[in-house]
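Values quoted throughout were computed directly from the atomic coordinates according to the rules given, and no laboratory measurement underlies them. Not measured: the values here are computed from a predicted model. All Cβ positions, glycine included, derive from the backbone under ideal geometry; neighbour counts span all protein chains shown.
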């Protein structure tokens, strides 16, 4: 079981430089804790606070990270695929390790109209975009008359080594898509243990049907690691008062307790847990990342 981190990209700050600095500090802490991977997400328009866009911020974070796997999430229907391939090629050239593209269709929310995308066509846009991106990253010259009208596209630099593709999804159609097209699957953080376990089993079954051996079966989880369970309960009290989801989707407690909560995920066949801080406070987020070093060691002992 590997433990990686997906950094929070949204902050309510007065000075926008502060949020960017916090992200760099968290990436440095993740490197210090020897975490297995580093990611950032993707969101466009109408964010309630400052949202640091994935490609430029990852370029900054790589300076803090080292050579372990790193990657970026792309909601592919919202992007021109030539631009995606160019951004990945450049980031992979900057990075000294393996680069992973996480990707998803995205929700039917205000992002689509804000980006000029007809949400009805997201599935076909996703599949055509992924095909174009992969071909461009392989060094091909690509033309397309599908959802994306492209003539004679060619990019440089291309990624210096193959880019792994993890596809997110939680309904049967998207899980099958991940099994059919992806190198790995990324589970949604909102689902509790029972639901995410059922989805993992469905993904494994569909991957077998499509004759694919997944490189990763990953799930994102929101996390808080404190010195004691009692301290974690105190910090979580206002968080849980607002939380309406399945509490088994959250990881919080001491390092020992959080490691024990990860055990069922390993037993379900997950290879990677990608964590994100449950609380916005920078000090608590850094302390959680630092304590993840112990969580990681305890998980390896399970």
Quiz prompt | Relative contact order (percent, whole number), the chain, Cα cutoff 8 Å, 6+ residue spacing | solution = 19 percent
Self-check item: segment 44-181: equivalent-ellipsoid semi-axes (sqrt of 5 x gyration tensor eigenvalues, Cα, Å)
Solution: 23, 19, 15
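Once a ≥ b ≥ c are taken as the square roots of the eigenvalues of the Cα gyration tensor of segment 187-232, is the result rounded (a/c under 1.5), prolate (a/b larger than b/c) or oblate (a/b not larger than b/c)?
Verdict is prolate for segment 187-232.
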Quiz item: Roughly how many whole Å is it from the C-alpha centroid of segment 180-215 to that of segment 83-106?
Solution: 22 Å
Quiz item: When all alpha-carbon pairs of the chain are counted, what percent fall beyond 25 Å?
Solution: 49 percent
Exercise. For helix 229-242, report the angle its Cα long axis makes with the longest principal axis of the Cα atoms of the chain; keep it between 0 and 90° and round to the nearest 10°.
Key: 50 degrees
Quiz item: Taking the Cα atoms of segment 158-206 alone, what are Rg (to one decimal) and Dmax (as a whole number) in Å?
Solution: 12.0, 40
Practice problem: Using DSSP, restrict attention to beta bridges with both residues in segment 1-75 and report what percent are antiparallel, rounded to the nearest 5. | Solution: 25 percent
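In what sequence, highest mean first, do 199-211, 240-252, 261-273 appear when ranked by Cβ atoms within 10 angstrom? Intermediate results must be reported in sequence, preceding the final value.
Details: 199-211: 16.1, 240-252: 14.4, 261-273: 18.2.
Ranking the peptides 199-211, 240-252, 261-273 by packing returns 261-273, 199-211, 240-252.
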Quiz prompt | Where Rh is the Kirkwood radius over Cα pairs, Rg/Rh for segment 209-254 | solution = 1.23
Quiz item: For segment 112-167 and segment 246-263, what is the separation of their Cα centres, given in Å?
Solution: 37 Å
Quiz prompt | Rg(Cα)/(2.2 N^0.38 Å) for segment 1-103, N = residue count | solution = 1.04
Quiz item: Against the longest alpha carbon principal axis of the chain, how many degrees, from 0 to 90 and to the nearest 10, is the axis of helix 255-267 turned?
Solution: 40 degrees
Quiz item: Which whole-number value in Å³ per residue fits the convex hull of the alpha carbons of segment 124-281?
Solution: 159 Å³
Quiz item: Can you give the angle from 0 to 90° between the axis of helix 282-301 and the longest principal axis of the chain, with both taken from C-alpha atoms, to the nearest 10?
Solution: 90 degrees
Practice problem: Average the reciprocal distances over every distinct pair of alpha-carbons in segment 213-302, invert the result, and give the Kirkwood radius in Å. | Solution: 13.4 Å
Exercise. Only helical DSSP H runs with n ≥ 4 go in: add -39500 (n - 2.57) per run for the chain, normalise by residue count and round the 222 nm mean residue ellipticity to 500 deg cm²/dmol.
Key: -14500 deg cm²/dmol
Quiz item: Among the DSSP beta bridges whose two residues both lie in the chain, what percent are antiparallel, rounded to the nearest 5?
Solution: 10 percent
